[in-house]
1. Can you pull the three principal axis extents for the Cα set of the chain, in Å, largest first?
2. What full-extension length gain, to one decimal in nm, is calculated for Asp65 and Val218 as 0.36 nm per residue of separation minus the Cα-Cα distance?
3. What does the helix-only formula give at 222 nm for the chain: each DSSP H stretch with n ≥ 4 adding -39500 (n - 2.57), the total divided by the residues, and the result rounded to the nearest 500 deg cm²/dmol?
4. Would you calculate the separation in nanometres between label points at Asp173 and Ser41, each defined as 7 Å from the Cα along the Cα-to-beta-carbon direction?
5. Where is the GNM fluctuation largest for the chain (alpha-carbon springs, 10 angstrom cutoff): Leu125, Leu176, Leu67?
6. Whole percent per 5 Å bin, from 0 to the bin with the longest distance: what is P(r) over all C-alpha pairs of the stretch 1-70?
7. When only C-alpha pairs under 8 Å and at least 6 residues apart count, what is the relative contact order of the chain, in percent?
8. How much length would be gained if the chain were fully extended between Ile248 and Arg235, taking 0.36 nm per residue of separation minus their Cα-Cα distance, in nm to one decimal?
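Every number here is computed from the coordinates shown, using simple stated rules; none is lab data. From a predicted model like this one, the values you see are computed outputs, not experimental measurements. So basically every Cβ, Gly included, is an ideal-geometry build from the backbone, and we count neighbours across all protein chains shown.
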Amino acid sequence: MKVSGFTFIRNAITYDYPVEEAIKSILPICDEFIVAVGNSSDDTHSKIEQIAPDKIKIIDTIWDDSLREGGRVLAVETDKAFAAISEDTDWCFYIQGDEVVHEKYLDTIYQAMQKTKDRKDIDGLLFKYLHFYGSYDFVGASSKWYKHEIRVIKNNPKIYSYRDAQGFRKNEDEKLNVIPIDAYIYHYGWVKDPRKMQKKQETFHKYWHDDRWIDQNVVKSSAFDYEMHVKELKRFEGSHPRVMLDRINQKNWQFDYDISINQKSLKDRIKNLMSRFFGVELGYKNYILKR
């Protein structure tokens, strides 16, 4: 069984993406790793080159900055990396530049790949998610955070990155058939120095919206105000992936949150009731579950 990792990245240093940690976290179960490095104004290319030259293959890309609706450019860049994967690969492990896998899940993931490799009715593996916010001590608790998404897919040319690269579909807008596995993706996209976060907000919204929307909706500031944007968090009680420990120890800002002031929305209350009493999970699902 051959496994290929793939991702895309641009200006990782400028916006403080933990892309090195992301790649290293799944590298042990990958035979090769494709990284689409976009035209960057920092030293991202050299950073990626130095991680694992024996496994990593870099493809240089140019982002289409005119794509300013729905995050479409992110899916385009994902597809470029996916297309460069070796033809003899069985499974393709996708990870974004701010996602990390705990080492304790690698065996579970690899075994799931082995078990379902020859099942023609399975397109991918579905992961659980932890979305860290503000600091490494808190995770999002409201329904605004997606709970599951596909991160391992078969090497099928009919599969493509969907919308803003959150997940995948095949053929013409057909959902993938997936097996849920007991493994989490640790999403650190909302944990960084508030100055770097503010810079990311002002730049990254350009891949979803026009300048007028940005002027009206993105607060101009020297630092991102985490407290202004939060409604419901819970304290993280587990351990972080080993590859993240140096980054966590170098954290240079403070964020604390009193979970007693959580504001649960009416929508979340209804969803919790439906799940608790009727076993019904409401919300967006970009996949079809199989067993």
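1. Result, largest extent first: 52, 51, 38 Å.
2. Roughly 53.2 nm would be gained on extension.
3. Details: 8 runs with 73 residues, N = 291.
Calculated from helices alone, the mean residue ellipticity at 222 nm is -7000 deg cm²/dmol.
4. With each label placed 7 Å out from Cα toward Cβ, I get 3.7 nm.
5. Leu67
6. 4, 16, 28, 23, 15, 8, 5, 1
7. Relative contact order comes out at 21 percent.
8. Working: separation 13, 0.36 × 13 = 4.68 nm, distance 1.58 nm.
The span from Ile248 to Arg235 would gain 3.1 nm if fully extended.
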